[in-house]
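Here is the structure we will look at.
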Amino acid sequence: MSSLIQRTAIVAVVAGLCTLAVGPVAAAENTESTPVMVVLDASGSMSTADAPGPRIDAAKRAVTGLVANLPTEAQVGLEVYGTSTGSSNAEKAAGCKDIKVLVPVGPIDKGAFTAQVARLRASGYTPIGESLRKAAAALPREGPRSIVLVSDGEDTCAPPQPCDVAKELKAQGVDLVVHTVGFKVNAAARAQLVCIADATGGTYVDAPDGPSLGRQLQVRVARALKPYTAVGTPIAGTPSAAGAPELKPGQYLDTYGQGTKGFGGAGTVKYYSVTLHMGETPYLSATLVPPATRVESLTTLNVNVSMTDLDATSGCAFDVVGTDFAYRGRIDASTAVVSPGEVGGPDWPSGCPTDGAFTLKITRAGNSFATQPLKMEVALRIEPSADDSGLPPAAVAQPNARVQAPGPPQNVAAGSSFNDAPVLTPGTYRDTVVSGETRYYKVHLQWGQRLAYVLTPARLPGLGLGNGVIGETQTANPLRARLEQPVGATNSGAFIGSTDIQLYGSTAVPARYTNRRSTGEVKKFAVDGDYYLIFSTGLPTADPLTIPYTLTVGVIGAVERGPVYQRAATPTDSSQQPPSAQTTGAQPSSAASSPVAARGHSSSNVVPTPVLVTAGAGIAACAAGGAALLIRRRRQEASAAMTRPTRTYPPADTW
């Protein structure tokens with residue numbers, strides 16, 4: 001069985017110039033559903049009547065139930081083996097080639113799919129190795145893709161040995177994960193299926209009867225369908241500063257080919273350019289997206305960023321280190337966030353230029369998935385200069401606050417990434433998580449407001465103490481910077497599913513423009529907009545778990561007045577009103593275009609939280625990253641510097 005791994009993906013950012021935030025995302029690439037091929041055993045042993053009833057009938061019911069519950073955007077196909085020959089020695093040669101793709105991977109026609117399933121009969125051999133090759137060939141050639149294999153026995157046609165085929169596919173750099181389900185298998189078949197899953201970073205589970213097969217098949221396909229949803233305008237950074245493409249405010253998507261052999265060093269390096277002016281505040285994030293596979297060793301996944309003025313040597317650099325935690329057996333997307341402050345302002349590095357074009361360098365590092373190309377989301381936000389006179393001073397860190405459930409829960413489907421996170425208004429919601437998943441939500445905060453939440457996982461019947469999975473909740477600001485929880489939060493290191501526990505926390509201070517004049521963690525609350533709530537779970541030692549939970553969200557505090565931008569932000573969509581781009585100083589941040597109700601929601605459903613000890617432990621941090629954002633000033637002629645084009649600033653709700 002796969003071992004439990006605890007590891008840390010560290011993102012180190014040596015930063016100065018550009019940094020995170022998101023404007024409008026045009027021509028976005030959106031991998032909303034991973035292509036999945038279901039490979040079903042229809043060999044002679046599947047006619048055994050112990051499921052209860054014939055195993056093949058139980059398998060057909062399981063697949064039919066799976067298809068009925070597939071989302072409309074799913075891309076799922078069906079491959080079977082063993083349907084056209086008998087199991088005699090004379091039929092072996094033909095039986096070991098008896099592999100058919102009955103439903104090609106693509107948009108689902110549920111009626112046609114279930115009709116193919118209804119006609120299945122079990123009679124032949126078990127060519128698992130060759131069926132894996134054929135299934136892999138029937139999936140798209142690029143991008144994440146998965147196979148879910150259901151078998152009641154071991155390969156009867158080897159060679160090739162199924163585990164060798166799995167290792168062969170992985171060695172080719174194929175971004176393929178194979179999840180396996182053993183249906184009433186013996187020890188030898190179980191070992192073979194475990195080896196296949198382990199070789200590709202997938203998972204194995206036993207299904208002792210028909211109902212459990214139906215449940216586990218749906219769990220496996222659900223996990224395979226929805227990895228992190230990478231989004232952005234396609235861009236190709238250059239291997240050197242010469243000819244680097246220019247970044248405008250917005251979000252971009254690039255591909256970084258390789259990592260490193262060890263924890264340090266540099267893998268793929270790419271360059272981009274950006275233009276900045278005095279008084280602007282740039283932000284940049286770089287999010288490296290791993291495949292949704294199990295990690296079997298202590299590895300790192302890093303984004304490296306540093307800033308240097310190549311035309312001068314007078315200290316145009318400073319360091320920021322951000323750390324993302326990966327859970328047992330898996331690695332989360334790693335994000336580096338750089339915020340150097342106002343160009344020419346008090347935090348701007350001494351010696352750095354204050355006007356002109358610069359070069360941004362981003363490096364992929366770490367030995368996790370080192371030979372696999374990974375997506376990198378690069379997001380740039382640029383705030384105009386602003387007048388913050390008369391605003392409340394920077395906030396002081398406050399204890400955690402808890403919310404009370406304001407009413408009956410309503411169903412919600414979490415996102416699989418920052419990009420598709422649904423916006424929640426204050427209230428209580430009902431959702432589920434499959435062990436190994438990360439779930440994303442957004443809550444809109446205006447100036448002066450805090451986010452508070454409580455997440456209550458269900459306790460699963462029959463699950464012993466300590467046999468659940470590690471769960472953690474985190475928050476992030478609109479720039480994707482992870483936020484420390486205040487004193488009194490119990491948001492991490494807890495076993496869920498096997499115990500009665502609540503995970504709760506809040507943002508430490510209100511969102512306030514003047515927080516940028518503070519130090520440390522408070523500076524991360526210097527923007528308003530959509531804050532993220534992230535729920536992550538680890539992988540268990542054996543069966544994946546589907547855990548229902550409720551989530552109550554509250555917004556604390558009265559809306560405060562925001563800054564007056566010297567050059568008002570210009571919405572890119574006439575239906576959107578920027579929440580923090582006022583042209584007068586007497587208004588609070590305006591309502592956003594996203595479906596968020598209860599602006600200025602009071603703290604009536606919030607109660608103080610006493611200091612509690614965090615339940616559980618179980619996350620080990622490891623690895624260190626370095627970072628690379630190389631900013632180079634290109635000398636400009638005086639006439640060009642004096643004739644500056646008008647900058648269009650996207651609305652804050654699109655950052």
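The values are calculated or read from the model by the stated rules, or taken from the named source; none is laboratory data. From a predicted model like this one, the values you see are computed outputs, not experimental measurements. Note: ideal-geometry Cβ built from the backbone for every residue, glycine included; neighbour counts use all protein chains shown.
Odds and ends about this structure:
- For segment 409-419, a residue qualifies if it is assigned to a loop (DSSP other than H, G, I, E, B) and more than 18 Å from Leu445 (Cα to Cα), and the qualifying residues are Pro409, Val412, Ala413, Ala414, Ser416, Ser417.
- Among the residues listed as Ala494, Ala458, Ala476, the single one being small (Gly, Ala, Ser) and within 17 Å of Ala397 (Cα to Cα): Ala476
- If only residues of segment 417-450 that are among the hydroxyl-bearing types (Ser, Thr, Tyr) and more than 11 Å from the chain's Cα centre (by Cα) are counted, the one that is modelled with the lowest pLDDT is Ser435.
- Segment 492-518, subset among the polar types (S, T, N, Q) and crowded, with 23+ Cβ neighbours inside 10 Å, residue nearest to Gln404 (Cα to Cα): Ser506
- Test: Ala405 is over 23 Å from Arg220 (Cβ atoms), assigned to a loop (DSSP other than H, G, I, E, B), small (Gly, Ala, Ser) and touching a Phe, Trp or Tyr at 6+ places or on another chain (Cβ under 6 Å): no
- Flag for Asp254 being within 25 Å of the chain's Cα centre (by Cα) and either farther than 20 Å from Val76 by Cα or at pLDDT 90 or above (or both): yes
- For segment 11-42, the tally of residues that are modelled with pLDDT of 90 or more and in a loop (DSSP other than H, G, I, E, B) stands at 2.
- Taken residue by residue, segment 43-57 has at least one member that is under 19 Å from Arg133 (Cβ atoms) and outside any helix (DSSP H, G or I).
- Residues of segment 154-207 that are out of contact with any strand residue (DSSP E or B) (no Cβ under 7 Å at 6 or more places or on another chain), of a type in the set (Gly, Ala, Ser) and in contact (Cβ under 8 Å) with a residue 12 or more places away in the chain: Ala158, Gly173, Ala188, Ala199.
- Residues satisfying the stated conditions in segment 380-389, i.e. out of contact with any helix residue (DSSP H, G or I) (no Cβ under 6 Å at 6 or more places or on another chain) and either surrounded by 15 or more Cβ atoms within 10 Å (Cβ to Cβ) or modelled with pLDDT of 95 or more (or both): Leu380, Arg381, Ile382, Glu383, Pro384, Ser385, Ala386
- The strands (runs of 3 or more DSSP E) found wholly in segment 465-575 and carrying at least 2 residues that are modelled with pLDDT of 85 or more, over 23 Å from Trp447 (Cβ atoms) and of a type outside the set (Asp, Glu) occupy 469-476, 503-506, 529-537, 546-556.
- Qualifying helices (runs of 4 or more DSSP H) (wholly inside segment 144-235; at least 2 residues being in contact with a helix residue (DSSP H, G or I) (Cβ under 7 Å, 6 or more places away or on another chain) and within 21 Å of Pro52 (Cα to Cα)): 210-225
- Residue tally, condition touching a residue at least 60 places away in the same chain (Cβ under 8 Å) and not in a strand (DSSP E or B), over segment 107-125: 5
- Filtered residues of segment 236-263 (kept if within 24 Å of Ser368 (Cβ to Cβ), in a loop (DSSP other than H, G, I, E, B) and of a type outside the set (Phe, Trp, Tyr)): Ala236, Gly237, Pro239, Gly257, Gln258, Gly259, Thr260, Lys261, Gly262
- Condition met for Ser240 (out of contact with any helix residue (DSSP H, G or I) (no Cβ under 6 Å at 6 or more places or on another chain), under 25 Å from Ser435 (Cα atoms) and among the small types (Gly, Ala, Ser)): no
- Residue match in segment 82-105 (condition: of a type in the set (Gly, Ala, Ser), in the same structural domain as Gln192 (by TED's automatic domain parsing) and under 33 Å from the mean Cα position of the chain (by Cα)): no
- In the set Val150, Val178, only one residue is among the β-branched types (Val, Ile, Thr), assigned by TED's automatic domain parsing to the domain that holds Val103, closer than 19 Å to Pro127 by Cα and out of contact with any Phe, Trp or Tyr (no Cβ under 7 Å at 6 or more places or on another chain); that residue is Val178.
- Residues of segment 69-95 satisfying the condition of being closer than 28 Å to Gln216 by Cβ, among the small types (Gly, Ala, Ser) and surrounded by fewer than 18 Cβ atoms within 10 Å (Cβ to Cβ): Ser84
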